[in-house]
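Colleague: Sharing a structure with you now.
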Amino acid sequence: MYYAYKYRLKPSDAHREELDRHRDICRQLYNHTLYRLNEYQDKHGELPSMTALRSELPDLKQWWDDLSDVYSKVLQTVVERLFDNLKALSALKKNGYGVGQLKWKPPREFRSFTYSQSGFKLDKKGGQTVLSLSKLADIPIRLHRPIPDDAKLKQVTVKKEPTGEWFATFGVEVDREPPEPPENPEKCVGIDVGIFKYAHDTDGTAVGSLDLSDERERLEHEQRKLSRKQRGSNNWEKQRRRIAECHADLRRKRRDFLHKLSNYYAREYDFVAVEDLNVKGMMESPSNSRNTASAAWRTFLSLLEYKCEREGTHFVAVNPSGTTKECASCGVSTEKPLWVREHSCPACGFEADRDANAAWNILSRGLENVGVGHSEGTPVETALPTDTPVSAKRVVEAGSPTLKERTASAVSE
Ligand SMILES: [Zn+2]
């Protein structure tokens with residue numbers, strides 16, 4: 001299995017200068033190669049082979065001195081990536097898709113470069129951990145969580161964020177079988193993702209939706225300001241950048257929330273059951289708010305699945321049909337419009353929050369799917385009294401819905 005681990009670098013000023021210099025040499029190589037490839041394609045109607053392209057690099061170094069300052073595999077990766085992208089684009093064109101052309105990249109759009117297979121390692125220097133990059137520098141790195149001992153480091157990408165911070169993302173391979181479902185899992189959870197609440201689980205945790213109204217308001221405010229500026233002027237350009245920052249801020253906050261929530265479930269439980277949204281999406285009537293919500297659910301579930309795999313937690317996506325209507329206690333179905341927030345079973349009398357009842361159904365379907373029993377009793381004993389709403393803000397601040405009393409390790413990313 002292949003994982004990504006991202007860490008913050010702590011470069012000195014001299015390191016920054018070197019990182020930027022290497023980044024810019026890679027950028028120039030990118031632009032040069034793009035020009036050459038377009039030229040070749042115009043003349044021959046197709047791209048040269050990758051081998052032919054790769055073999056040009058040594059010749060290039062003859063007259064382009066700066067290239068020798070950069071580790072050769074890094075240069076190769078620049079060329080290979082560009083080649084792959086062009087190839088993918090021309091395949092799309094052949095199939096009749098109207099796709100644009102790859103563009104020459106100005107400095108602010110070329111942000112990263114990659115060491116692949118060799119030329120990099122984690123090391124200790126002067127009492128601190130450094131990322132040692134061949135032909136570049138030993139850059140202090142903050143390993144806020146460890147890379148597993150049995151992991152093979154395949155590559156590292158160093159990237160400068162628009163804020164000026166540098167990060168290193170390791171591509172890591174781990175030889176590990178997907179986890180067997182635990183025979184009698186102690187810590188199992190079913191999660192219902194909702195519209196009014198972000199999620200509701202079988203341990204009675206209900207997580208509210210993330211409140212981004214301040215950020216949205218700021219965005220609207222900045223957009224109004226843009227409309228008053230003269231198009232193309234310096235101030236207009238400046239304002240446009242400000243709006244881009246607002247968008248980035250919104251994206252980052254949303255993502256951060258989803259990361260923390262998925263980390264929490266993957267680390268706290270042995271077994272996680274959710275609804276299969278590919279099926280759910282088709283069943284439920286589309287409306288705008290729903291589509292937005294379902295995009296966020298998808299992101300959440302894919303993060304959750306990936307993290308469960310990483311943590312050795314068993315992950316199951318179940319058929320969502322009827323999870324809301326069915327009684328988690330006796331199985332009898334009753335119609336329930338969206339605005340009915342309580343489940344109250346006419347057959348057995350079981351009462352619960354609508355989403356808690358759904359979460360219980362999701363969990364029992366999940367356990368059924370993998371053929372394991374569940375040791376805890378019926379939902380009646382556990383689902384009713386413990387429902388504690390948790391605001392999304394608390395998830396963002398504390399990294400886990402129920403703070404330290406539940407887990408000390410759920411914060412990261
Ligand atoms: Zn019932």
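Colleague: Select, from LEU86, LEU47, LEU29, the only residue that is touching a Leu at 6+ places or on another chain (Cβ under 7 Å) and modelled with pLDDT of 90 or more.
Modeller: LEU29
Colleague: Shifting gears a bit: I'm told GLU309 meets every condition in (1) modelled with pLDDT under 90; (2) surrounded by fewer than 18 Cβ atoms within 10 Å (Cβ to Cβ) except one. Can you identify the failing condition by its number?
Modeller: Result: GLU309 passes all but (2).
Colleague: State all residues of the range 155-170 that are surrounded by fewer than 18 Cβ atoms within 10 Å (Cβ to Cβ) and in contact (Cβ under 8 Å) with a residue 60 or more places away in the chain; if no residue qualifies, say none.
Modeller: Within the range 155-170, PRO162, GLU165, PHE167, THR169 qualify.
Colleague: What tally of residues in the range 328-370 results from selecting those that are under 23 Å from VAL274 (Cβ atoms), within 15 Å of the ligand (Cβ to nearest atom) and of a type in the set (Gly, Ala, Ser)?
Modeller: Adding up the residues that qualify gives 8.
Colleague: Among the strands (runs of 3 or more DSSP E) lying completely within the range 301-369, list those that include at least 2 residues that are within 30 Å of PRO148 (Cα to Cα) and not small (Gly, Ala, Ser).
Modeller: Values: elements: 314-318, 342-344, 351-353.
Answer list for the range 301-369: 314-318.
Colleague: Would you confirm whether any residue within the range 132-148 is of a type in the set (D, E, K, R), over 28 Å from ALA296 (Cβ atoms) and either within 25 Å of the chain's Cα centre (by Cα) or assigned by TED's automatic domain parsing to the domain that holds THR299 (or both)? Talk me through it step by step, then tell me what you get.
Modeller: Of all residues in the range 132-148, those of a type in the set (D, E, K, R) come to 135, 138, 142, 145.
If we keep only those that are over 28 Å from ALA296 (Cβ atoms) too, we end up with 135, 138, 142.
When the remaining residues are screened for being either within 25 Å of the chain's Cα centre (by Cα) or assigned by TED's automatic domain parsing to the domain that holds THR299 (or both), the result is 142.
Checking the range 132-148: at least one residue is of a type in the set (D, E, K, R), over 28 Å from ALA296 (Cβ atoms) and either within 25 Å of the chain's Cα centre (by Cα) or assigned by TED's automatic domain parsing to the domain that holds THR299 (or both).
The values are calculated or read from the model by the stated rules, or taken from the named source; none is laboratory data. Source: prediction; values computed, not measured. Neighbour counts run over all protein chains shown; Cβ positions are idealised from the backbone, glycine included.
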